[in-house]
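Encoded as structure tokens, the structure appears first; notes follow it.
The values are calculated or read from the model by the stated rules, or taken from the named source; none is laboratory data. Note that the structure is a prediction, hence the values are computed from the model and not measured. Reconstructed Cβ throughout: ideal geometry from the backbone, glycine too, with neighbour counts over all protein chains shown. The accessibility values were calculated without ligands, DNA or RNA, using every heavy atom of the protein model including side chains. Shrake-Rupley method; radii C 1.70, N 1.55, O 1.52, S 1.80 Å.
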Amino acid sequence: MRTDARRHHDPQVRGFASDNYAGAHPEVLAAIALANGGHQVAYGEDDYTGHLQRVMHSHFGPTAEAFPVFNGTGANVVALQALTDRWGAVICAESAHINVDEGGAPERMGGLKLLTVPTQDGKLTPELIDRQAYGWDDEHRAMPQVVSITQNTELGTVYTPEEIRAICGHAHERGMKVHLDGARIANAAASLDVPMRTFTNTVGVDVLSFGGTKNGALFGEAVVVLNPDAVRAMKHLRKLSMQLASKMRFVSVQLEALLAKDLWLRNARHANAMAQRLAEGVRAIDGVKILYPVQANAVFARLPHAVSERLQKRFRFYFWDETAGDVRWMCAFDTREDDVDAFLQALKEEMAR
């Protein structure tokens, strides 16, 4: 029996749960259609993946090499494996995505140990790194080999280039390498109003997980090797980690669509601006407290638990710390001013009940 595809959702409904909830940007969908048709060599030997390398050079310099993958967890696991030995460990913030939200994949699939550090705002510092940066000659302890930071952080805060430079210098002096989880790197660059290279290869980051999905791609990220001397066997690690796409042109063309011109920046600036609009409205509501500086596209707030539960019936969003009453509200490239205003009105109504 033939069945025709039909729409199963209302495209006018938007929430504040995650920028992953957003669809693909129309320009990205157009690029996928452009890459379709005819035959192209599989497994990354296609023309689109080749051109993506030149696009990446324009953002990260002539030594950068991109390895497209399916998703962000895959990018992180492949990147961290390439930077560590079997006995190696990765220092990261306690709130890091690799520690909290990847199902143990870096440890279970990557076979490496995470050495976590509590932070006030999601950001590591040289001093915080030193809480775990020791014991290289102790065979009873996993050897610290990598420092992994997230830009922007899981708490919506943004490292300055100077802060990352200090981290890279500190790590390199101790023989460690630096990985940057850039799931929302575009939002960070838009917030800082600087090119992405300013806080990556220019300041000493060795490997970058470049995020596309949260910035308007349908699917697909990339491991971007900024320092070729820091990694080993990237091609083989990507394959054995099940992150090698056969029809890679459809991943690469999405990243090209975002990066070849300014779509990545337009999308990020808009998402950040909507978060600022949301934060400004929230600050005017008694009884709601914003927890962290709103520097990218996330707003973290604390409000009565019962209010959040009622509000969740009207708009999708997640608790961050349900015991404390902390929630996270995310804006995306397609969040509209009307969406923000409607949410603020609903918040006011629920707070008044």
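Of the peptides 300-308, 147-155, how do they stack up when ordered by the mean number of other Cβ atoms within 10 Å, highest first? Spell out each step's value before the answer.
Values: 300-308: 17.9, 147-155: 26.3.
The packing order, highest mean first, is 147-155, 300-308.
Can you list which of the trypsin sites (Lys or Arg not before Pro) found in the stretch 1-85 are DSSP loop residues with at most 15 other C-beta atoms within 10 Å? Answer in residue order: 2, 6, 7. Here's the picture: charge each Lys and Arg Cβ at +1 and each Asp and Glu Cβ at -1 in the stretch 233-347, and of 242, 332, 299 the one pushed furthest to the positive end of that dipole is 242. For GluC sites (Glu not before Pro), the sites in the stretch 1-68 that DSSP calls loop and that have at most 13 other Cβ atoms within 10 Å are 45. When all protein chains stay in place and ligands, DNA and RNA are ignored, the 1.4 Å accessible-area order of 333, 16, largest first, is 333, 16. Computed extension gain for residue 341 through residue 285, at 0.36 nm per residue and net of the alpha carbon distance, reaches 18.9 nm. For the stretch 159-305, the alpha carbon positions stretch 55, 40, 33 Å along the principal axes, listed from largest to smallest. Sequentially through the stretch 296-302, phi angles give Karplus couplings (6.51, -1.76, 1.60; θ = phi - 60°) of 9, 10, 10, 10, 9, 9, 10 Hz, Gly and Pro residues having no value and appearing as x.
Using helices alone, I'd like the mean residue ellipticity at 222 nm for the chain: each DSSP H run of four-plus residues gives -39500 (n - 2.57), total over residue count, nearest 500.
Numbers: 13 runs with 132 residues, N = 353.
After summing the helix terms and dividing by the residues of the chain, the value is -11000 deg cm²/dmol.
Taking every pair of alpha-carbon atoms in the stretch 1-91, give the share separated by more than 20 Å as a whole percent.
Numbers: 2618 of 4095 pairs.
Every Cα pair in the stretch 1-91 considered, those over 20 Å come to 64 percent.
Applying a DSSP loop filter and a limit of 10 other Cβ atoms within 10 Å to the GluC sites (Glu not before Pro) in the stretch 86-140 leaves 139. Please list log₁₀ I(q)/I(0) at q = 0.08, 0.12 Å⁻¹ for the chain, using the Debye equation with identical point scatterers on the alpha-carbon positions. Those come out to -0.40, -0.88, one per q. Across the stretch 116-133, coupling constants 3J(HN,Hα) worked out from phi with the 6.51/-1.76/1.60 Karplus curve, θ = phi - 60°, read 9, 10, x, 9, 7, 9, x, 9, 7, 9, x, 5, 5, 4, 5, 5, 10, 8 Hz, and Gly and Pro carry x.
Where both bridge residues fall in the chain, DSSP classifies roughly 50% of the beta bridges as antiparallel. For the chain, the solvent-accessible area with a 1.4 angstrom probe is 46 square angstrom per residue.
Once backbone amide H atoms are built at 1.01 Å from N, residue 181 has 149, 150, 151, 209 as its partners under 5 Å, excluding neighbours fewer than 5 places away on the same chain.
Residue 87 to residue 318: extension gain in nm, 0.36 nm per residue of separation minus the Cα-Cα distance?
Gain on extension, residue 87 to residue 318, equals 79.5 nm.
Modelled spin labels at residue 194 and residue 353, positioned 7 Å past Cα toward Cβ, are 4.5 nm from each other.
Counting only other residues whose beta carbon sits under 11 Å from that of residue 74, what net charge do I get with K and R as +1, D and E as -1? Please list the in-between numbers first.
Values: positive: 238; negative: 102, 221.
Result for the neighbourhood of residue 74: -1.
FRET efficiency for the pair residue 121 and residue 247, taken as 1/(1 + (r/R0)^6) with r the Cβ-Cβ distance and R0 = 30 Å, rounds to 0.15. Name the most mobile residue of 44, 325, 212, meaning the one with the largest mean-square fluctuation, in a Gaussian network model of the chain with Cα contacts below 10 Å. Maximum fluctuation in the GNM of the chain, among the listed residues, is at 325.
Summing charges over neighbours of residue 190, with a neighbour being any other residue whose Cβ is under 11 Å away from its Cβ, gives +1 when K and R count +1 and D and E count -1.
Net charge of the neighbourhood of residue 249, taken over other residues with C-beta under 12 Å away and scored Lys/Arg +1, Asp/Glu -1, is -3. Reported to the nearest whole Å, the Cα centre-to-centre distance from the stretch 29-95 to the stretch 191-238 is 8.
For the stretch 64-154, what is the per residue volume of the convex hull drawn over the alpha-carbon atoms, in cubic angstrom? Spell out each step's value before the answer.
Numbers: hull volume 10.1 nm³, N = 91.
In the stretch 64-154, the Cα hull volume divided by residue count equals 111 Å³.
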